[in-house]
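Notes for the one structure printed next.
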Amino acid sequence: MHLLATTNGGLEAVAAAELAELVGADATVHHRGVVEFEGSVDDVYALLARSRTCHRVLEVLADGRVEDLEGIYDRARGVDLARHLPFADFGVVGTRHGDHGFTSVDVADRVGQAVIDGYREATGDRLPVDLDDPTVRLEAYLYDDRFTLAVDLTGDSLHRRPYRVCTHDAPLRATMAASMLRLASYTSGDRLVDPMAGSGTVPIEAALAATDSPPRPELDPALAALPRYDVATFQDRLAGLDRRDAPPSDLDLDLDLNLNLDLNLEARDRRERWCRCARVNRDAAGLSEVVEVVRADAREATLEADCVVVNLPFGIRVSEDLRELYRTFADRLREGGVDRLVALTTKPEFLPLEPRERYELPYGRLDATILVCEP
Ligand SMILES: C[S@@+](CC[C@H](N)C(=O)[O-])C[C@H]1O[C@@H](n2cnc3c(N)ncnc32)[C@H](O)[C@@H]1O
């Protein structure tokens, strides 16, 4: 099967590395924020249960060159729709990039019509359309003359982690935190500190990764509605991974070791309000004993760690001199002998460190940079 996975734009290589690790996939970039690869139904179950960097996994139904809207209609009509889709309401999301004489809404419309026509021809039934909350969500991408139609297998995006009970004013997307941890080559033996942790996303994601805990243990995937997938098999797979609530007698040796790993994870923030928030999220993730939350000022507090992964303040809500904050923070990193720093910022020029790697990415309406440094 040809599959797509969506992720944070600019971090496709990080998602591809995770896909290789989890299912042996050889993923390449389809377009910004989307990678493509070959995989099996089993790989889909594994990715929905374990991927930390991806947002959605989709199965490609049609893929090829087209010249115009009629070409798009023909490609979508060519799909064996009765084999792939249930009798259920569906919606098409169109995305277009390039020079065309029509819009992404036109793309979605033509695909929608082709799906209705093709399904009726095959089964005699007219599929109902629901654009707001469809049971079956189709993605139609037109990038220059390449048209790809895919069905979403995920449902609710994987970046919505259930532990996020308390929301920060400027929260880091959990999939981005997980990607930054990969860029930092974080492993369970490292002492990791996020000195400006806000609601605690980075150390919580580190703990979930170190214990191989599923990022979405409660996921009710969209594939449940699709004919070629077996949701019970997926749920079994997911339940097998999530051992945090299981009684100790049910744990095999490896998992027991995993849960008792001596993790060294600290979330710091100078504001008590965010320390409380981080504790709420940490506890919701079942990690009360694993992540320490400490009130400290990053300009002053000693910083001894193997790994620092941080979403630096961008200066929109902080009135203090941002350059000064970045400068004193860099001093603490050097004094503490920190091995690896991965920092997300919109002001990379303020950090007086030479990055080994940098990733440019859109962050809401801002342009941000992830810097990978060895301070
Ligand atoms: C962009 S937010 C981090 C958001 C976090 N990654 C999350 O997902 O919730 C930056 C945080 O840095 C904290 N902060 C700003 N200056 C600080 C300082 N000098 N020392 C410690 N924390 C600081 C702010 O209180 C804020 O919570």
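The values are calculated or read from the model by the stated rules, or taken from the named source; none is laboratory data. Just so you know, these numbers come straight off a predicted model, no measurement behind them. So basically every Cβ, Gly included, is an ideal-geometry build from the backbone, and we count neighbours across all protein chains shown.
Which pairs do you get when a residue that is assigned by TED's automatic domain parsing to the domain that holds V34 and assigned to a loop (DSSP other than H, G, I, E, B), found in segment 84-106, comes within reach of a residue that is of a type outside the set (V, I, T) and surrounded by fewer than 17 Cβ atoms within 10 Å (Cβ to Cβ), reach meaning Cβ atoms under 7 angstrom, with the pair 6+ apart or on two chains?
Final answer for the pair search is P86/P227; F87/D125; D89/P128; D89/D130; G98/Y143; G98/D144.
Applying the selection to segment 138-166, what residues are within 25 Å of V41 (Cα to Cα) and in contact with a Gly (Cβ under 6 Å, 6 or more places away or on another chain)?
A140
Filter segment 170-228 for residues that are more than 13 Å from the ligand (Cβ to nearest atom), among the aliphatic types (A, V, I, L, M) and out of contact with any Cys (no Cβ under 6 Å at 6 or more places or on another chain) and give the result.
Listed by number, the residues that qualify are L183, A207, L208, A209, A210, L219, A222, L223, A224, A225, L226.
Count, please, the residues in segment 330-375 that happen to be in contact with a Cys (Cβ under 6 Å, 6 or more places away or on another chain) and modelled with pLDDT under 95.
0
Answer yes if at least one residue in segment 294-302 is in contact (Cβ under 8 Å) with a residue 40 or more places away in the chain, within 15 Å of E205 (Cα to Cα) and surrounded by fewer than 23 Cβ atoms within 10 Å (Cβ to Cβ), and no otherwise. Let's see the steps before the verdict.
Taking segment 294-302 as the starting set, the residues that turn out to be in contact (Cβ under 8 Å) with a residue 40 or more places away in the chain are 296, 298, 301.
Add one more test, that the residue is within 15 Å of E205 (Cα to Cα), and what stays is none.
No, that holds for no residue.
If I go through segment 14-45 residue by residue, how many of them are assigned to a helix (DSSP H, G or I) and surrounded by 15 or more Cβ atoms within 10 Å (Cβ to Cβ)? First the steps, then the outcome.
Step one: filter segment 14-45 for residues assigned to a helix (DSSP H, G or I), giving 14-23, 41-45.
Those left that are additionally surrounded by 15 or more Cβ atoms within 10 Å (Cβ to Cβ): 14-19, 22-23, 41, 43-45.
Within segment 14-45, residues that are assigned to a helix (DSSP H, G or I) and surrounded by 15 or more Cβ atoms within 10 Å (Cβ to Cβ) number 12.
What residue, among those in segment 167-176 that are farther than 26 Å from S40 by Cβ and not acidic (D, E), is surrounded by the most Cβ atoms within 10 Å (Cβ to Cβ)?
Our first condition is that a residue be farther than 26 Å from S40 by Cβ; within segment 167-176, this holds for 167-174, 176.
With the extra rule that they be not acidic (D, E), the set shrinks to 167-168, 170-174, 176.
Working: T167: 11, H168: 19, A170: 15, P171: 17, L172: 22, R173: 19, A174: 23, M176: 26.
Only one residue tops the list, namely M176.
Mind checking which strands (runs of 3 or more DSSP E) fall wholly inside segment 262-375 and carry at least 2 residues that are away from the ligand (no atom under 15 Å from the Cβ)? Step through it out loud before you land on a result.
Working: elements: 264-269, 291-295, 307-311, 340-345, 355-363, 366-373.
Once the strands (runs of 3 or more DSSP E) in segment 262-375 are filtered for at least 2 residues that are away from the ligand (no atom under 15 Å from the Cβ), what remains is 355-363, 366-373.
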